[in-house]
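Chemist: Pasting a structure here, questions to come.
A short reminder: the numbers here are calculations on the coordinates, not readings from a lab. These numbers were taken from a predicted model, which means no experiment stands behind them. Neighbour counts run over all protein chains shown; Cβ positions are idealised from the backbone, glycine included.
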Amino acid sequence: MSDVISQRLAHLRKVHGIPQSELSEAMGFKDRQTLSAIESGARRIKADELIRAASKLGVSPEVFTDPYRLVGEGRFSWRHTDASTDELCAFEEKAGVWIAMYRRLCEQRGECNSPILPRMDLTKKSSFEEAQKYGEELAEQLELGPIPARNLEVAVQKSLKTLVLHVNSNKGISGAACQVSKLNVILINRDESDERRHFDLAHELFHILTWDVMPPEHFETTTLPKKREQKRVEDLANNFAAGLLMPSSALARHLETLPSGISALTEWLNKLGKELEVSAVALKWRLVNLGELSAVDARKIDDSSLRNHGQVLVSRKRPPLFSAVFVETLFWGLAEGKISARKAARLLDMTIDDMLCLLDDYGLETNIDL
């Protein structure tokens with residue numbers, strides 16, 4: 001807890017733009033070296049010092065110790081179109097509460113261990129072919145089968161110990177990757193189409209696996225022009241996702257029926273894209289990269305004829321909120337008395353009745369003493 005307090009104190013001081021010398025004076029220190037020692041973890045902070053720091057920063061003292069918050073602890077990277085910085089920051093704070101609650105319950109359950117992730121020798125200078133190759137190799141390692149997109153989420157959570165959350169995000173927010181102590185998280189907008197959610201999951205997984213080598217942008221827009229270096233990282237992530245969701249092993253048996261003629265190709269791409277639960281447009285360019293389809297023919301196929309697999313979209317079934325792993329952990333916490341129903345509902349930003357419906361969505365009996 002002392003390390004958490006030190007980290008949060010340093011973060012809040014920087015967020016509020018207060019120099020160490022100014023906060024040191026408010027806390028009653030003769031020089032800033034004492035505060036520096038506290039922020040570095042070399043010295044413990046006393047209760048009265050913490051109260052004075054909270055007063056200066058304009059926050060409640062519990063902000064420094066509340067295990068159900070992330071205060072400067074998480075590294076986030078958000079994909080969005082037109083969301084404002086204020087909207088993204090507000091949603092990040094909300095998501096941080098969900099993540100902190102899950103982490104806290106896992107710690108109490110004895111299941112919070114730092115995940116061991118597969119190593120990928122990729123850098124910003126790596127080729128797109130190398131990124132695709134690593135995607136294919138991971139699909140094989142995770143045993144994703146003939147339809148990788150369908151099995152990816154379970155494999156990411158079970159084998160890579162990375163929490164996946166389907167969330168009701170603000171309009172324009174596709175999802176995010178997040179790293180906190182002992183936990184990796186991927187958030188996906190549950191209002192997106194199946195193929196889009198699969199792509200977002202694979203794309204964010206790339207960032208989780210390469211974060212230390214290629215740190216992603218905090219707020220990654222999908223519309224505005226990117227810096228050359230940033231664009232390179234995102235293109236590598238897209239190629240990795242293509243290899244992961246559409247490995248050559250999964251495509252091989254279908255290539256025997258690859259037709260000629262633009263009309264027949266369009267129909268074939270839509271049918272196979274739907275079967276593999278990926279975008280037909282992404283499938284088209286994946287075949288180009290594999291040398292199975294010429295770029296000339298690919299450009300002749302109008303992308304608009306491939307959207308929604310060539311069908312009129314009437315309605316879209318959303319996945320349940322959050323995920324089975326998350327909700328089952330919440331259920332355990334409620335059943336074991338580790339967290340009250342009232343507090344859990346408040347942290348989830350829902351009513352108790354809504355929370356009971358959430359448990360029911362995952363087939364969990366709600367005969368808990370609430």
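Chemist: Separation of segment 132-189 and segment 301-370 by C-alpha centroid, Å?
Modeler: Between the Cα centre of segment 132-189 and that of segment 301-370, the gap is 17 Å.
Chemist: Then there is this: Please identify, among 44, 103, 150, the residue showing maximal mean-square fluctuation in a Gaussian network model of the chain using a 10 angstrom Cα cutoff.
Modeler: Comparing 44, 103, 150 in the GNM, the peak value goes to 44.
Chemist: Right, something else. Quick one: give the max-minus-min coordinate of the C-alpha atoms of segment 1-150 along each principal axis, largest first, in Å.
Modeler: So the extents along the principal axes, rounded to whole Å, are 64, 37, 30.
Chemist: For segment 250-348, which semi-axes, largest first and in whole Å, follow from the square roots of 5 times the eigenvalues of its Cα gyration tensor?
Modeler: Value: 45, 15, 11 Å, ordered largest first.
Chemist: Among 294-302, 94-102, how do they line up by average Cβ neighbours within 10 Å per residue, starting with the highest?
Modeler: 94-102, 294-302
Chemist: Could you grab the Rg to Rh ratio for segment 181-221? Cα atoms only, Kirkwood for Rh.
Modeler: 0.99
Chemist: Let me ask something else. Give a residue-ordered list of calculated ³J(HN,Hα) values for segment 299-307 (Karplus: 6.51 cos²θ - 1.76 cosθ + 1.60, θ = phi - 60°; whole Hz; x for Gly, Pro).
Modeler: Rounded to whole hertz, the list is 6, 6, 8, 5, 4, 5, 7, 9, 5.
Chemist: With 15 Å as the cut-off, how large is the P(r) tail for segment 2-64, expressed as percent of Cα-Cα pairs?
Modeler: Tail of P(r) above 15 Å: 40 percent of Cα pairs.
Chemist: Which of these, 267, 25, 220, has the largest mean-square fluctuation under a Gaussian network model of the chain (Cα springs below 10 Å)?
Modeler: Ranking 267, 25, 220 by mean-square fluctuation puts 25 first.
Chemist: Which cross-chain or sequence-distant (5 or more) residues have an amide H under 5 Å from the amide H of residue 165, H modelled 1.01 Å from N in plane?
Modeler: 186, 187, 188
Chemist: Let me ask something else about it. From the cross-link list 161/182; 231/274; 125/231; 94/343; 182/231, which pairs have alpha carbons spaced over 20 Å apart?
Modeler: Working: 161/182 10 Å; 231/274 28 Å; 125/231 12 Å; 94/343 15 Å; 182/231 29 Å.
In this structure, 231/274; 182/231 lie more than 20 Å apart at Cα.
Chemist: Quick one: 3J(HN,Hα) in Hz for segment 49-54, Karplus 6.51/-1.76/1.60 with θ = phi - 60°, rounded, Gly and Pro as x.
Modeler: For segment 49-54, the Karplus-derived couplings read 5, 5, 5, 5, 5, 4 Hz, x marking Gly and Pro.
Chemist: May I ask for the angle, rounded to the nearest 10°, between helix 85-109 and the longest principal axis of the chain, with both axes built from Cα atoms and the value confined to 0 to 90°?
Modeler: So the inclination is approximately 80 degrees.
Chemist: According to the Kirkwood expression over distinct Cα-Cα pairs, how big is the hydrodynamic radius of the chain, in Å?
Modeler: Working: mean 1/r = 0.0438 Å⁻¹.
For the chain, the Kirkwood estimate is 22.8 Å.
Chemist: While we're on this one: Any chance you could check the Cα centroid distance between segment 48-73 and segment 206-251 for me, in angstrom?
Modeler: Cα centroid of segment 48-73 versus Cα centroid of segment 206-251: 36 Å apart.
Chemist: A further question follows. Considering amide H positions built from the backbone, and no H for Pro or chain starts, which residues 5 or more places from residue 213, or on another chain, come under 5 Å of its amide H?
Modeler: none
Chemist: If you take the beta carbon distance between residue 65 and residue 361 as r and set R0 to 35 Å, what does 1/(1 + (r/R0)^6) give as a FRET efficiency, to the nearest 0.05?
Modeler: Step by step, r from the Cβ atoms, then E = 0.60.
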